[in-house]
Structures are given as C-alpha cells and as structure tokens.
Amino acid sequence: MGSRRALRVSAFLFLVALAGLAAGPPSYKVAKKIEAGGDGGWDYLTVDSAARRLYVSRGTRVMVFDADTGASVGEIPGTEGVHGIAIAPELDRGFTSNGRANTITIFDRKTLKTIGEVKSTGQNPDAILYDPASKRVFAFNGRSGNATAIDAATGEVAGTIPLDGKPEFAQADGEGRVFVNLEDKSSMAVIDSKKLAVLSTWPLAPCEEPSGMAVDRAHHRLFVGCGNRMMAAVDMRTGKVVATVPIGEGVDANGFDSGTGLAFASSGDGTLTAARLDGADKFTDIQTISTEPRARTMALDEKTHRIFLPTARFGPPPPATTATPRPRPSMLPGSFAILVVER
C-alpha cells in the first residue's frame, strides 16, 4: 500500500512539473497605475530595492515613492533639469544629475535632505551611476561629450573623462570598468573607473543610436536599447554583439532581472519587450507587453520583479509660430502616472 501511495505521489509531482514547463516563461502585464500627478516632465527613474524606494525625476525635483505601496514619501527639491538618480547604499547617499543647472546634488538616502552640490565639469549632466569598485559617481555630460567623476564619500571632483561622442546610459561591472553608450557614434566606451581613462571604444553594429543599457554581471552581458528597433546583447569582455531581438519604436531604457534571467526594453510606442538570452548568442522566450504611449523609461525592482514606467496624457499641440514652428503637445494637468508591470 505504501509503495502504491508513493507512486501516486510521484506521478502527481511529475504532472505538476510538466504543467509548469508547459506554462512557459513568466507572463507580464500592467497590474496597476500610481496616479502621481504634479507638474513637469520626466526622465530616468531608479529603484532602491533595499530601502524600498522609487525615485522619479520631475524636471525641477525628484519625487520619492514607497516601492511597495506607491505612496509618496517625500521629494528632493532644487534639482533643475534633473535627469537621473544614483544610489550609493554603503554610504547612505544619493546623487542626482541636474542638466540645466550643470550640477550634481548629493542627498541623504534616509532623510532625503540635501547634503551638498557639486559643479559638473561638463554641460548637461544626464545619465549618472555609482561605481562600487572605485566608490565614485560618474555623471555623463551629454552636451560636452565627457564624464565627471566624483568621490562619493567626500563630494570632491576626482577628474574628467573625455568621450568620443554623446554619452547616454551607462553601467558598471563592479570590478573597475564602466560602460557607456555613445549615441551619435553607435558605439560604446569602456572606462577604467580608477584610472579615469577610456580603455577602448567598441562599435555596436548593427545597433544604431544606443540609449538604454542593462547589465548581467554573472554572464558578462550588456543589454543595449537601439534606435533602429532592436535590443543588442553585448559581450562585456570583448565588445562583440552576440545577439539582437526586435523591440518597439522609441526605446529609452533597459533592465535585467537576475532572478528570472529576462532582459527588458521599454519603448515610447507603448510596448515593453521581455526576452531571455539562452546560452551565449540567442534570444528566446520573447513577450511584448502593452503599456502606454510615451512609457519609454523604466526601472526594475529585482526584489519583487516589478517594472515601473512613467507616462502621462497629452493634448494636441498649440498652433505653430515663427518662433516655434514645430510646437510640442502639452501634458494634461494631473495626468502623470507610473505604470506597474508585474508577473
């Protein structure tokens, strides 16, 4: 009797396993919307998974939300033209790149109070990251084609790195190298974060106009969002593009979830592409998730596997004038929101 019962249990577990395999990769959808409101445009957003906070740039300030509930927990003011937010967890500090002011704001990670402000050594600091290997913050100056390196503990400028092109998003390998997309050259620069020198520049063909970037450090892969509607997987040891996958129009950000092995690309046409890189050079398990138009930037929370995408509704553009021959549509008041995509 005991052996028959054991066989039945084994058969049941086998069927459960088969059902799980048949279910395929995780399926994602927009689960909810955080109605954030407020004035101003937006750019990058950042999740601090350990502190359970979501940072969202809003033109002149950074809005901060509880990453689990979506409730507002405060703001970081005085960040004129803010683009990005970087977190240095071991220092309990955060940093914002303020494009119009040409400054980097340093704030307290716990209280959100401003600690200090650093003058950029270039124009329009845009993407920003913290490199734990060098304990430096790198602000990439889009208008002057260089990067400002800052000692994260003291706030002092450590140096300036000339770049052969317009820098976009960047990632660090945690071992002393920083990778940054050069959008106008369709290439990627590799920086020694301790020597503050460019080690090499890699062409990214067939990827054109690279913008967003995510990193899989365990498998030495970078995932790059390209303006010609593809996401490229790049070997971070050699610079070789090992695989590409089609994505939507107007990509601006990428993410990688080490828990699921999925890479993501968010596009302004209202799509979010999820794909898995099997082996070294093949994308599989591809899903296109419908989001909303203009939801082209994103942040991924590896603790919950949720993805946050900001967007808003826009009305028709105002009439053209001599001064503004191609006016942009205006954002409808109070329509700014953050989409939450989850499995």
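If the condition is being in contact (Cβ under 8 Å) with a residue 24 or more places away in the chain, among the β-branched types (Val, Ile, Thr) and closer than 24 Å to Pro167 by Cβ, then segment 53-110 contributes Val56, Val62, Ile76, Thr79, Val82, Ile85, Ile87, Thr96, Ile104, Thr105, Ile106.
If you check Leu54 against the conditions, is it aliphatic (A, V, I, L, M) and either open to solvent by 10 Å² or more (accessible area, probe 1.4 Å) or over 23 Å from Pro333 (Cα atoms) (or both)?
Values: aliphatic (A, V, I, L, M): yes; either open to solvent by 10 Å² or more (accessible area, probe 1.4 Å) or over 23 Å from Pro333 (Cα atoms) (or both): no.
Taking the combined requirement at face value, the residue does not satisfy it.
Hey, any hits in segment 273-295 for a residue that's open to solvent by less than 20 Å² (accessible area, probe 1.4 Å), closer than 26 Å to Asp39 by Cβ and either outside any loop (DSSP other than H, G, I, E, B) or in contact (Cβ under 8 Å) with a residue 60 or more places away in the chain (or both)? Break it down stepwise before answering.
Residues of segment 273-295 open to solvent by less than 20 Å² (accessible area, probe 1.4 Å): 273-275, 289, 295.
Those still in the list that are closer than 26 Å to Asp39 by Cβ too: 295.
With the extra rule that they be either outside any loop (DSSP other than H, G, I, E, B) or in contact (Cβ under 8 Å) with a residue 60 or more places away in the chain (or both), the set shrinks to none.
The answer is no, given that none of the residues of segment 273-295 is open to solvent by less than 20 Å² (accessible area, probe 1.4 Å), closer than 26 Å to Asp39 by Cβ and either outside any loop (DSSP other than H, G, I, E, B) or in contact (Cβ under 8 Å) with a residue 60 or more places away in the chain (or both).
Of all the listed residues (Glu209, Glu249), the sole one being under 20 Å from Pro167 (Cβ atoms) and either open to solvent by less than 30 Å² (accessible area, probe 1.4 Å) or of a type in the set (Asp, Glu) (or both) is Glu209. When you check Gly270 against the structure, is it open to solvent by 50 Å² or more (accessible area, probe 1.4 Å) and over 24 Å from Leu182 (Cβ atoms), yes or no? So Gly270 fails the test.
Based on this model, can you work out whether Ser144 counts as open to solvent by 20 Å² or more (accessible area, probe 1.4 Å), modelled with pLDDT of 95 or more, within 30 Å of Gly279 (Cα to Cα) and among the polar types (S, T, N, Q)?
Details: open to solvent by 20 Å² or more (accessible area, probe 1.4 Å): yes; modelled with pLDDT of 95 or more: yes; within 30 Å of Gly279 (Cα to Cα): no; among the polar types (S, T, N, Q): yes.
Answer is no for this residue.
Residue pairs whose Cβ atoms lie under 8 Å apart, sitting 6 or more positions apart in sequence or on different chains, and linking a residue in segment 301-314 that is within 13 Å of Ser258 (Cα to Cα) to a partner that is open to solvent by 50 Å² or more (accessible area, probe 1.4 Å) and of a type in the set (Lys, Arg), are His305/Arg343.
Among residues belonging to segment 176-206 that are in a strand (DSSP E or B) and of a type in the set (D, E, K, R), point out the one that is surrounded by the most Cβ atoms within 10 Å (Cβ to Cβ).
Out of the qualifying residues, it is Arg177.
Selection over segment 122-142 of residues that are assigned to a loop (DSSP other than H, G, I, E, B) and in contact (Cβ under 8 Å) with a residue 40 or more places away in the chain gives a count of 6. Number of residues in segment 149-175 that are among the small types (Gly, Ala, Ser), at negative phi and open to solvent by less than 40 Å² (accessible area, probe 1.4 Å): the value is 4. Note on segment 118-132: among residues that are under 18 Å from Arg93 (Cα atoms) and within 20 Å of the chain's Cα centre (by Cα), the one that is surrounded by the fewest Cβ atoms within 10 Å (Cβ to Cβ) is Pro132. Annotation: Val242 fulfils all but one of (1) in contact with an Asp or Glu (Cβ under 7 Å, 6 or more places away or on another chain); (2) open to solvent by less than 20 Å² (accessible area, probe 1.4 Å); the unmet one is (2). Report yes if some residue within segment 323-335 is surrounded by 17 or more Cβ atoms within 10 Å (Cβ to Cβ) and either over 27 Å from His83 (Cβ atoms) or at pLDDT 95 or above (or both); otherwise report no. No - not one qualifying residue is present in segment 323-335.
The values are calculated or read from the model by the stated rules, or taken from the named source; none is laboratory data. On a predicted model such as this, the values are computed, not experimentally measured, just so you know. Cβ sites come from the backbone with ideal geometry, for glycine too, and all protein chains shown count toward neighbours. Ligands, DNA and RNA are stripped out before the accessible areas are found, and what is left, the full protein with its side chains, is counted by its heavy atoms. Shrake-Rupley method; radii C 1.70, N 1.55, O 1.52, S 1.80 Å.
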